[in-house]
Amino acid sequence: MSKKRAITLMVVAVLITNIITFGLTNIASGGIDLGMSFGNENKINESREISKVQNIKTYIKNNYLREVDDEKMLEGQLKGMVQSLNDPYSVYMTSDEFASFAQETSGVYGGIGVIVTPGEDNLITVVSPIEDTPGERAGIKTGDRIIRVNGVEYSAENMDEAVKVMKGKPKTKVTITIMRLDKEGNNQTLDLDIVREEIRLITVKSNIIDNNIGYIRITSFDELTYKDFKENLSKLEKSNIKGLIIDLRNNPGGLLNVCAEIADELLGAGDIVYTQTKDGTREYLKSDKNQITIPIVLLVNEGSASASEILAGAVKDHQRGELIGTKTFGKGVVQRIRELSDGSGIKLTVSEYFTPNGTNIHGIGITPDIVLELNEGVENIGPGYISEDNQLQKAVEVIKGKI
């Protein structure tokens, strides 16, 4: 396998790749020294900005009726600075928020097991519940809006605060209020009492269907996913499979470099994905010529997001296999995560990604080669439920036509 360059990109709202630290200086003035040089005009403007902030801060401290917490005021300044971008994926995090955020990459935490993202309607939107977690068992579904946690209203603007409340010690209860459309298209609200558990992500599972068709389900891309994928693929290959189905349904994404490693197993030499910043700078992730040669099919749906879409887009553009299911979620922007010296951090949208053919799917999604809705009323998917999982049935049919 080719060695991938380490990158610091993040492709899902709640999962991170690498963390780069830089010093937080000029705390008293509320400034962050990033080592950049400015011209005289910029220095004058910067001085005016600092003076304006300091004047407002002094006025508040001298005149506000209540006591003022200097630390909270500073945190509010920094949060407001990032919020002014009006980008739901960019956020400043306090040290506690950043620690909770970074915990996701370990694959173990206490909570309900639901991946969320800021919605265009400014509501917290469920990308997908994680398989076999309290959130999934409680009936939370892709597209649900989380509007209250323990009776307190939250919106996309304070999603990180809501996530922090949803997490907690195992065996403790949290009440989630969700809003979803009923069959008539009307909004209905549901209160769900959910008992938190230790969420230990097992992101790769495999089976054999009809004696010679391999099936691998990837539920997210974390630090151990590529290793687990390789182990499961090797096990299937030893069973002499003739074709492979990779199930990315309800996979919200995760680590870009892990996704690229898996793509490298499936594709020949070429581009996997490239990212582009606002100044046009591009960074490419590529696969080498080594690949598995058996036919493949990918299953996707509206819960397949971010890194899942990168893998699906690469397979589709390389014409390596068919995509079956429904249009994917449509998240095509990339965030960089930086940790500050005091433990706080910034998540900032720095680029957008493109499939090998130059397609940006942000807000659009990827349309499968074979569009097929899951039959109404189907609650469970996968080999154990193949009699009702019509999307998987179609994938088996397509693979059989190739072997």
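Coordinate-derived values only; no laboratory data. The structure displayed is predicted, hence computed values, not measured ones. For neighbour counting, all protein chains shown are included, and Cβ atoms are generated from backbone atoms with ideal geometry for every residue, glycine included.
So the values come out like this:
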| item | result |
| --- | --- |
| Principal axis dimensions, the stretch 108-200 - Cα atoms, whole angstrom, descending | 36, 26, 21 |
| Computed helical MRE - 222 nm, the chain, DSSP H runs ≥ 4 contributing -39500 (n - 2.57), nearest 500 | -8000 deg cm²/dmol |
| Under Karplus coefficients 6.51, -1.76 and 1.60, residue-wise ³J(HN,Hα) of the stretch 387-395 in Hz, glycine/proline x | 5, 10, 7, 5, 5, 5, 4, 5, 4 |
| Principal semi-axes in Å for the stretch 160-286 [√(5λ), Cα gyration tensor, largest first] | 33, 24, 17 |
| Partners for Lys289 among aspartates and glutamates (Cα-Cα distance below 17 Å; same-chain residues under 8 apart left out) | Glu261, Asp264, Glu265, Asp271, Asp317 |
| Degrees, to the nearest 10: 70-83 long Cα axis against longest axis of the chain | 50 degrees |
| Leading residue at positive end of dipole, the chain (Cβ point charges), from His362, Asn187, Ile296 | Ile296 |
| Extension gain, Arg282 back to Lys173 (0.36 nm per residue minus Cα-Cα distance, nm) | 34.6 nm |
| GNM result for the chain, Cα springs below 10 Å: residue of Arg48, Arg137, Arg249 fluctuating most strongly | Arg48 |
| Mean separation of Cα contacts under 8 Å, 6 or more apart, over the residue count of the chain: relative contact order % | 17 percent |
| Cβ-Cβ FRET estimate between Asn212 and Ser47, R0 fixed at 45 Å, reported to 0.05 | 0.05 |
| Nearest 10 degrees, 0 to 90: helix 225-238 Cα axis against the chain principal axis | 10 degrees |
| Dipole axis of the chain (+1 Lys, Arg; -1 Asp, Glu on Cβ), positive-most option in Ser387, Leu348, Asn375 | Leu348 |
| Counting all C-alpha pairs of the chain, share separated by more than 38 Å (%) | 25 percent |
| Whole-Hz couplings from phi, Karplus 6.51/-1.76/1.60, listed for the stretch 189-196; x for Gly and Pro | 10, 9, 9, 10, 8, 10, 8, 5 |
| Listed residue (Ser100, Thr225, Ser51) projecting farthest to the positive dipole end of the chain, Cβ model | Thr225 |
| Unit charges on C-beta of K, R, D, E only; dipole of the stretch 108-200, Debye | 400 debye |
| Fully extended contour minus Cα-Cα distance, from Leu181 to Ser95, at 0.36 nm per residue | 27.3 nm |
| Between helix 256-266 and the chain: long-axis angle, C-alpha atoms, 0 to 90°, nearest 10 | 20 degrees |
| Mean Cα-pair separation over length for the stretch 108-200, i.e. relative contact order, pairs under 8 Å, 6 or more apart, % | 33 percent |
| Amide H within-cut-off set for Lys242, under 5 Å, with H built and near neighbours excluded | Ile213, Gly214 |
| Longest DSSP-loop-exposure-free segment, chymotrypsin sites (Phe, Trp or Tyr not before Pro), the chain, at most 14 other Cβ within 10 Å | 65-403 |
| Candidate lysines - alpha carbon under 24 Å from Lys286, same-chain residues fewer than 8 apart omitted | Lys3, Lys4, Lys227, Lys230, Lys278, Lys316, Lys331 |
| Dipole in debye (nearest 20) - the stretch 265-395, about Cα centre, beta carbon charges: Lys, Arg +1; Asp, Glu -1 | 500 debye |
| Among Glu283, Glu197, Glu376, residue whose mean-square fluctuation peaks in a GNM of the chain (springs only between Cα atoms under 10 Å) | Glu376 |
| Within the stretch 328-403: Cβ-based charge dipole about Cα centre, in debye rounded to nearest 20 (Lys, Arg +1; Asp, Glu -1) | 400 debye |
| Most mobile of Gly325, Gly343, Gly243 in a GNM of the chain (Cα contacts under 10 Å) | Gly343 |
